[in-house]
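Step one of this worksheet: look at the structure below.
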Amino acid sequence: MSEKEEESKDTDIEKSEDLKENTEQSIAEKSLENQFKELNDKYLRLLAENQNLRKNHEQEKEDILKYGSFSFAQQILGLTDNLDRAFQIFKNDEKFKNDEFKNILNGIEMIEKELTETLGKNAIKYIDCLGKPFDPNLHQAIGEKESDKEPGIILEEMQKGYLMHDRLLRPSMVYVSKKLQK
């Protein structure tokens, strides 16, 4: 073999070794790149999960503050109903319209007004339903009455309904109109 052939052979061997080294290096780089991508993906997923947990925790905390007195509010509605009934009795009965009972009537009216304001300050709102279409999400029908009004319209309210913020505290107990029978 001539010197040139030997040099060429040595060069080919060197090139082959360089190529082999580059290939191994490239494979190692790709492996590291894949590991990096996997770890980055895991990191992003954990970060997103952490943010979701934080949001859920904040929402739960907000709900506790907003609706924490929900059961107390339901219980106080009985008092509201009884006060309203007493006021209606005094207001509608002729024997209580003389001067002797006017102060009692005014007192009950002031208490009722203050109670209504207190409920409002605590985001408890009366569901105004008379003359409106029946909504099963807000009303509970206890019967139907024949009427010349369109079917499904609330004619009479037997018990007031209330919302607390956007949640139903208690449905309105109502009579709904139905077609007149001929």
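Values in this text are rule-based calculations from the coordinates and carry no lab data. Values in this document were obtained by computation on a predicted structure and should not be read as measured data. Virtual Cβ from ideal backbone geometry, glycine too; neighbours counted across all protein chains shown.
Need one number for region 31-134: average projected area of the convex hull over its C-alpha atoms, nm².
Working: hull surface 46.1 nm².
About 11.5 nm², averaged over all directions.
Quick one: length gained pulling ASP81 to GLU109 fully straight, 0.36 nm per residue minus the C-alpha distance? Kindly include the intermediate steps, with their values, before the conclusion.
Working: separation 28, 0.36 × 28 = 10.08 nm, distance 1.35 nm.
My answer for the length gained is 8.7 nm.
Restricting attention to region 97-159, which trypsin sites (Lys or Arg not before Pro) occupy a DSSP loop and are surrounded by at most 13 other Cβ atoms within 10 Å?
Qualifying residues, ordered by number: LYS97.
Which parts of region 40-58 would a label at PHE70 reach, counting a residue when its backbone N lies under 18 Å from a point 7 Å out along Cα-to-Cβ?
56-58
Could you please rank HIS139, HIS165, HIS57, placing first whichever residue has the fewest other Cβ atoms within 10 Å of its Cβ?
Fewest to most other Cβ atoms nearby, the residues stand as HIS57, HIS165, HIS139.
Expressed in nm to one decimal, what extension gain is obtained for the pair ASP93 and PHE36 from 0.36 nm per residue of sequence separation less their Cα-Cα distance? Could you put the intermediate results ahead of the total?
Numbers: separation 57, 0.36 × 57 = 20.52 nm, distance 8.38 nm.
Additional length available on full extension: 12.1 nm.
Taking 0.36 nm per residue of sequence separation and subtracting the Cα-Cα distance, how much length would be gained by fully extending the chain between LEU47 and GLU157, in nm to one decimal?
34.4 nm
Could you tell me the distance between the Cα centroids of region 132-182 and region 83-114, to the nearest Å?
Cα centres, region 132-182 to region 83-114: 27 Å.
Comparing GLU150, GLU112, GLU24, which has the greatest mean-square fluctuation in the GNM of the chain with Cα pairs linked when under 10 Å apart?
GLU24
How high is the FRET efficiency between LYS149 and LYS61 when r is their beta carbon distance and R₀ equals 35 Å, given to the nearest 0.05?
That pair, LYS149 with LYS61, gives E of 0.15.
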